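Before any comments, here is the structure.
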Amino acid sequence: MTTARTPSASTASASGTPAVAVDRLVKIYKGGTAVDGISFSLPAGSVTGLLGGNGAGKTTTIAMIMGLVMPTSGTVRVLGAEMPRQRYRVLERMNFESPYVEMPLRLTVRQNLTVFGKLYGVADLDVVIARLAADLDLVDLLDRPTGKLSAGQKTRVALAKALVNAPELLLLDEPTASLDPDTADWIRGRLEQYRERRGATILLASHNMGEVERLCDRVIIMKRGRIEDDGTPAALLARYGRSNLEEVFLDVARGRGEPQEGDAAREAAQ
Ligand SMILES: Nc1ncnc2c1ncn2[C@@H]1O[C@H](COP(=O)(O)OP(=O)(O)OP(=O)(O)O)[C@@H](O)[C@H]1O
């Protein structure tokens with residue numbers, strides 16, 4: 001996969017600063033509380049899955065990390081910068097993919113990637129776009145209007161846009177939604193490759209438990225704006241006595257199989 005910078009260029013990992021530090025973060029909309037006092041930090045180079053049912057607060061959390069939504073209270077630091085106040089210090093080092101943020105539909109794929117590449121200050125943009133197109137199977141789509149693509153094709157373009165500046169922090173909101181199983185599997189492979197080559201920190205909101213088990217070394221489960229559980233996939237399976245994350249997700253969503261007191265201590269001792 002294309003990288004415009006070397007993995008060792010990551011200031012966050014070099015200094016030991018977490019790529020993301022969220023502290024007592026709250027977002028209250030007129031209709032109610034979307035995010036209700038969550039705290040977590042993501043070490044540089046980690047891949048974390050953000051799980052939770054519809055309306056749990058995942059997209060709002062990612063939008064606050066991106067600096068696109070203003071928190072009601074609490075703080076977000078990204079690569080050491082306070083968001084959204086200092087976002088211009090770090091925007092070139094981060095990127096995101098969300099099915100809810102459309103690119104200009106009349107522009108061709110190439111034009112869109114060029115606009116976003118310029119926004120992120122990418123050098124040798126033509127070369128970068130050509131490599132991304134080859135990596136993400138977009139060569140035949142480059143000169144077509146983005147609005148005329150299928151949902152799955154748009155998703156691949158959105159991923160190319162998310163990688164155009166080889167971000168050291170990549171935020172992904174359901175990156176394989178609307179993809180057929182084969183293409184989704186292929187995209188997951190690309191994300192694994194990107195993580196390996198770039199040493200990137202990834203936060204991935206997903207409803208696909210297989211995807212999370214495959215890609216993530218940590219899982220944060222949200223429910224009604226709060227963090228309900230947080231651990232490695234293996235620790236969560238052990239804690240809930242389940243054989244896969246889908247069963248854990250259902251337990252949490254339905255309020256069943258809550259971890260028993262002392263479970264965490266027993267796990268720590270193992
Ligand atoms: N712009 C907004 N204005 C008002 N309420 C909002 C806004 N965005 C989200 N919400 C509300 O905040 C809550 C959390 O929404 P959010 O989109 O963060 O959840 P989610 O976990 O990403 O859900 P899904 O899995 O369905 O995408 C929901 O109750 C939603 O209705």
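The values are calculated or read from the model by the stated rules, or taken from the named source; none is laboratory data. Since the structure is predicted, the reported quantities are computational estimates derived from the model, not experimental observations. Don't worry about glycine lacking a Cβ; one is built from the backbone with ideal geometry, like all the others, and counts go over all protein chains shown. Ligands, DNA and RNA are stripped out before the accessible areas are found, and what is left, the full protein with its side chains, is counted by its heavy atoms. Shrake-Rupley method; radii C 1.70, N 1.55, O 1.52, S 1.80 Å.
Among the numbered conditions (1) modelled with pLDDT of 95 or more; (2) of a type in the set (A, V, I, L, M); (3) open to solvent by 30 Å² or more (accessible area, probe 1.4 Å); (4) more than 16 Å from the ligand (Cβ to nearest atom), the only one that residue 4 does not meet is (1).
Would you say residue 257 is at pLDDT below 90, open to solvent by 40 Å² or more (accessible area, probe 1.4 Å) and on the phi > 0 side of the Ramachandran plot?
Judged against the criteria, residue 257 is a match.
Summed over the range 64-80, residues that are away from the ligand (no atom under 13 Å from the Cβ) and open to solvent by 50 Å² or more (accessible area, probe 1.4 Å) total 3.
Within the range 52-63, residues that are at pLDDT below 95 and within 6 Å of the ligand (Cβ to nearest atom) reach partners that are assigned to a helix (DSSP H, G or I) and among the aromatic types (Phe, Trp, Tyr) with beta carbons closer than 9 Å, at six or more positions or on different chains, in the pairs 52/249. When only residues in the range 163-182 that are crowded, with 24+ Cβ neighbours inside 10 Å and among the aliphatic types (A, V, I, L, M) count, which is farthest from the ligand (Cβ to nearest atom)? Of everything passing the filter in the range 163-182, 166 is farthest from the ligand (Cβ to nearest atom). Which of (1) open to solvent by 10 Å² or more (accessible area, probe 1.4 Å); (2) outside any strand (DSSP E or B) does residue 56 not meet, given it meets every other one? So the condition that residue 56 fails would be (1). For residue 156, the requirement of being basic (Lys, Arg), open to solvent by 10 Å² or more (accessible area, probe 1.4 Å) and either within 16 Å of the ligand (Cβ to nearest atom) or assigned to a helix (DSSP H, G or I) (or both) is met.
Quick one: in the range 16-51, which of the residues that are among the hydroxyl-bearing types (Ser, Thr, Tyr) and more than 12 Å from the ligand (Cβ to nearest atom) is nearest to residue 212 (Cα to Cα)? Per the criteria, the residue is 48.
I'd like the full set of residues that are in a loop (DSSP other than H, G, I, E, B) and buried (at least 21 other Cβ atoms within 10 Å of the Cβ), limited to the range 81-113.
Filtering the range 81-113 for residues in a loop (DSSP other than H, G, I, E, B) gives 84-86, 90, 98-107.
The one that is in a loop (DSSP other than H, G, I, E, B) and buried (at least 21 other Cβ atoms within 10 Å of the Cβ): 90.
Residues considered: 251, 217, 229, 263. Of these, the only one that is within 24 Å of the chain's Cα centre (by Cα), among the acidic types (Asp, Glu) and modelled with pLDDT under 90 is 251.
Would you be able to say whether some residue in the range 96-107 is of a type outside the set (D, E, K, R), within 30 Å of residue 213 (Cα to Cα) and over 19 Å from the mean Cα position of the chain (by Cα)?
no
Take the residues in the range 136-153 that are assigned to a helix (DSSP H, G or I) and in contact with a helix residue (DSSP H, G or I) (Cβ under 7 Å, 6 or more places away or on another chain), then tell me which one is surrounded by the fewest Cβ atoms within 10 Å (Cβ to Cβ). Lay out the reasoning, then the answer.
Restricting attention to the range 136-153, the residues satisfying the condition of being assigned to a helix (DSSP H, G or I) are 139-141, 146-148, 151-153.
Still in the list and also in contact with a helix residue (DSSP H, G or I) (Cβ under 7 Å, 6 or more places away or on another chain): 139, 141, 146, 152-153.
On the way: 139: 13, 141: 22, 146: 23, 152: 16, 153: 19.
This residue is 139.
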